[in-house]
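The values are calculated or read from the model by the stated rules, or taken from the named source; none is laboratory data. Model, not experiment: these values are computed from the prediction. Cβ placement follows ideal geometry from the backbone for every residue including glycine, while neighbour counts extend to all protein chains displayed. The area values use the complete protein model at the heavy-atom level, side chains included, leaving out ligands, DNA and RNA. Shrake-Rupley method; radii C 1.70, N 1.55, O 1.52, S 1.80 Å.
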Amino acid sequence: MERKQKEAIVLGATGLVGGIVLDLLLKDDRYKKVIVFSRRALEITHSKLHTVTGNLLQLDTFVSEFHGDEAFCCIGTTKAKTPNKDTYRKVDFGIPSTAAKLCKQNGIGTFIVVSAMGADSGSPIFYNRIKGEMEEAVLAVGLEKTHSVQPALIGGTRDEKRPGEYFFKKLMNTLGFLMIGPFRQYKIILPETIAKAMIWLANNPYNKKRVPSETLKELAAYGTP
């Protein structure tokens, strides 16, 4: 019996993880169309790619274009890029939570979102608190299949300069051999690993809503077709 091809939505495709998710989906025969919502046009073209550009802080205005079988949300900002806390919240909380609601409204049953290790709505740390609040809001929508992935520090090379993050990555790489036992969870994780795990989660049964960094590495090892 021939398998029905699916349509996927990607938010954050211009970012490190989102760009790899997009690339993998375009190469994946299980998907016939990939719809990217972005504030700017992408630099790539592909027969399966359809891009919708606009202000993602007003994502609810795209309800008529927001249709597919699965949605992958890789949206995230930084304190350096978005120093204003209200704007930061609109990006890291507002966009994913609105996307989950649009999934519910338009009958999209699968939503996979990038969160972070330490996400906790009760945390005194602003970044962790926002991620935790986002997770709770997304899960409260009640979609058929929702997973929040919680990576540790993400490796790889970004277009933007993050001196503090660069230093910490170098330190973590140097001390990596010491991270055994309970400290394994803090090891740097590659963006390719996160992307592969997200696509695996979308296509396979998995009973946990929140997926920690070490588990992402295990799921990514299963590979994609």
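Rounded to the nearest 10 Å², what accessible area does residue 87 show when all protein chains are kept and the probe is 1.4 Å?
The accessible area comes out at roughly 50 Å².
For residue 188, what accessible surface area do you get with a 1.4 Å probe? Give it in Å², rounded to 10.
Here the accessible area works out near 40 Å².
On the principal axes of its Cα set, how long, how wide and how thick is the range 71-110? Give whole Å, largest value first.
Principal extents (Cα only, largest first): 36, 16, 7 Å.
Among 68, 97, 35, which residue has its Cα furthest toward the positive end of the charge dipole of the range 1-109, with +1 on Lys/Arg Cβ and -1 on Asp/Glu Cβ?
In the range 1-109, that residue is 97.
Sorted by accessible area (1.4 Å probe), largest first, how do 206, 31 line up?
Numbers: 206 60, 31 0 Å².
Per-residue accessible area, sorted high to low, gives 206, 31.
Which of the peptides 56-62, 6-12, 40-46 is most tightly packed, and how do the rest follow, judged by the mean count of other Cβ atoms within 10 Å per residue?
For the peptides 56-62, 6-12, 40-46, the packing ranking is 6-12, 56-62, 40-46.
Compute, for residue 130, the solvent-accessible surface of its heavy atoms (probe 1.4 Å) with the complete set of protein chains present, and express it in square angstrom to the nearest 10.
About 0 Å², rounded to the nearest 10.
Could you rank 127, 222 by how accessible they are, 1.4 Å probe, largest area first? Let's see the in-between values first.
Values: 127 85, 222 150 Å².
Final ranking, largest accessible area leading: 222, 127.
Quick check for you: with a 1.4 Å probe and neighbouring chains kept, what is the accessible area per residue of the range 1-131, in Å²?
50
On a full-extension model of 0.36 nm per residue, what is the gain between residue 82 and residue 48, subtracting their alpha-carbon distance, rounded to one decimal in nm?
9.0 nm
I'm a student and want to see the number: the projected area of the Cα convex hull of the range 1-102, averaged over all directions, in nm².
So the Cα hull casts an average projection of 6.9 nm².
Please report the carbon-and-sulfur percent of the accessible area for the range 17-62; probe 1.4 Å, protein heavy atoms only, DNA, RNA and ligands left out.
Working: 1110 of 2470 Å².
The nonpolar share, carbon plus sulfur, comes to 45 percent.
Over what distance in Å are the Cα centres of the range 110-124 and the range 1-78 separated?
So the separation of the two Cα centres works out to 21 Å.
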